[in-house]
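Reading through the structure tokens given below for one structure.
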Amino acid sequence: MSTTEPATDNRTVAFVAGATGYVGQQVVRQLVAAGIRTIAHIRPDSNRLSEWWTRFTELGAEPDATPWTLPAMATTLKGLHPRVVFCLLGTTRSRMQSLARAGKDPAAASYESIDYGLTALLVEAAVHAGNAPRFVYLSSLGAGPNPKGAYMRWRTRAEHVVLGSGLPYIVIRPAMITGPDREEERRSERIANALVDGALSLGKALGIEGPWRRYRSIDAAGLAAAMIRLAMDPGAANHTIEREELVAEAPEKPIR
Ligand SMILES: NC(=O)c1ccc[n+]([C@@H]2O[C@H](COP(=O)([O-])OP(=O)(O)OC[C@H]3O[C@@H](n4cnc5c(N)ncnc54)[C@H](OP(=O)(O)O)[C@@H]3O)[C@@H](O)[C@H]2O)c1
């Protein structure tokens with residue numbers, strides 16, 4: 001199942017990889033609301049494929065389940081000529097552990113194969129699209145020089161692929177991403193976020209504002225709004241943006 005039809009209207013096209021994720025769903029919703037032709041990618045091996053297909057269709061987006069192979073993804077992007085490709089993918093340690101518990105190879109859900117591997121594949125496919133779409137990459141605070149740990153190392157390598165691609169890009173490095181509707185399995189993460197935010201706010205109240213500015217969590221809806229604004233702003237290409245600047249980027253009104 002894939003959406004490879006060329007644009008039949010003059011609307012801007014946005015392709016969203018990771019559309020089923022917490023941030024991805026927000027981005028899809030807000031792109032559709034802004035009148036942008038939104039292609040919401042669902043991985044073809046998702047056990048919720050038909051559910052997501054229906055949900056995105058009802059939302060006004062166009063679902064797409066192009067396989068995660070370079071020839072297939074390049075063909076899809078070449079057909080769509082998106083102005084923007086959002087890369088909002090990522091695995092978690094618990095996904096790796098679930099695979100191991102099920103007797104499967106956890107490497108299939110490793111940071112190397114997902115956070116880095118699928119990003120690199122999508123970058124290459126976007127280059128093949130031929131129209132130099134802007135590549136919006138959701139990375140993480142901590143990526144960059146001297147990354148600590150496997151997650152940050154693979155994020156940093158993925159950023160290098162994005163920056164070296166020749167595509168116009170926006171790299172976003174948020175701290176924690178929160179929201180009231182995070183799934184229940186993320187409960188412990190939510191509690192940890194609340195504790196960290198509390199400590200940062202206390203520090204701010206005591207006059208230590210720097211860490212609060214840099215490390216406090218960001219709401220997924222605000223993050224999505226900021227990413228979309230940056231994606232569509234002709235003057236915003238080729239930037240790496242961290243937490244403090246993201247706040248300034250969140251628009252007060254929905255974008256048109
Ligand atoms: N959460 C945070 O606090 C935080 C902070 C900074 C940066 N980030 C980064 O921001 C990104 C998005 O965050 P999020 O909270 O929206 O994550 P999320 O809800 O876990 O979404 C991850 C997305 O990646 C897809 N994905 C995961 N494994 C895949 C696989 N094997 N094959 C294909 N697709 C796969 C998921 O598809 P399925 O739904 O089909 O599994 C989903 O669409 C993540 O990469 C994360 O590292 C997160």
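All of the numbers you see were taken from the coordinates with simple rules; none came from a lab. Note that the structure is a prediction, hence the values are computed from the model and not measured. FYI the Cβ positions are ideal-geometry reconstructions off the backbone, even for glycines, and counts take in every protein chain you see.
Using the Karplus curve 6.51 cos²θ - 1.76 cosθ + 1.60 with θ = phi - 60°, what ³J(HN,Hα) values do you get for each residue of the stretch 167-176, in whole Hz, with x for Gly and Pro?
Calculated HN-Hα couplings, in order: 7, x, 9, 10, 10, 10, 10, x, 7, 6 Hz.
Using modelled backbone amide H atoms (1.01 Å from N, in-plane), which distant-in-sequence or interchain residues come within less than 5 Å of GLU62's amide H?
Close amide H contacts, sequence-distant or interchain: THR38, ILE39, ALA40.
So who's got an amide H within less than 5 Å of the one on ASP219, skipping anything under 5 residues away but keeping other chains? H placed 1.01 Å off N, in plane.
THR178
How charged is the neighbourhood of ALA108? Take every other residue with its Cβ under 15 Å from the Cβ of ALA108, and add Lys/Arg as +1 and Asp/Glu as -1.
Values: positive: ARG43, ARG93, ARG95, ARG101, LYS104; negative: ASP45, ASP105, GLU112, ASP115.
Neighbourhood net charge equals +1.
Mind listing which trypsin sites (Lys or Arg not before Pro) in the stretch 48-103 are in a DSSP loop and have 13 or fewer other Cβ atoms within 10 Å?
Of the trypsin sites (Lys or Arg not before Pro), the ones in loops of the stretch 48-103 whose Cβ has at most 13 other Cβ atoms within 10 Å are ARG48.
Calculate one ³J(HN,Hα) per residue across the stretch 19-25 by plugging θ = phi - 60° into the Karplus curve 6.51 cos²θ - 1.76 cosθ + 1.60, and present them in order as whole Hz with x for glycine and proline.
4, 7, x, 4, 6, x, 4
Lys and Arg at +1, Asp and Glu at -1: add these up for the other residues within a Cβ distance under 14 Å of VAL85 and post the number.
Details: positive: ARG37, LYS78, ARG83, ARG134; negative: ASP64, GLU124.
Residues near VAL85 contribute +2 overall.
Count the net charge of all other residues whose Cβ sits under 14 Å from the Cβ of ALA72, scoring Lys and Arg as +1 and Asp and Glu as -1. Don't jump to the answer; show the numbers that get you there.
Working: positive: ARG43, LYS78; negative: ASP45, ASP64, GLU124.
Result for the local shell: -1.
What ³J(HN,Hα) values, in whole Hz, does the Karplus curve 6.51 cos²θ - 1.76 cosθ + 1.60 give for the stretch 149-166 when θ = phi - 60°, with x put for Gly and Pro?
Coupling constants for the stretch 149-166: x, 4, 4, 5, 5, 6, 4, 5, 5, 5, 4, 4, 4, 4, 5, x, 6, x Hz.
Using a 10 Å cut-off on Cβ atoms, rank the peptides 229-236, 137-144 from the highest mean neighbour count down.
Values: 229-236: 15.8, 137-144: 21.2.
Top to bottom by mean Cβ count within 10 Å: 137-144, 229-236.
Which order do peptides 114-121, 150-157 fall in by mean Cβ count within 10 Å, highest first? Intermediate values should be presented prior to the final figure.
Working: 114-121: 20.5, 150-157: 18.9.
Ranking the peptides 114-121, 150-157 by packing returns 114-121, 150-157.
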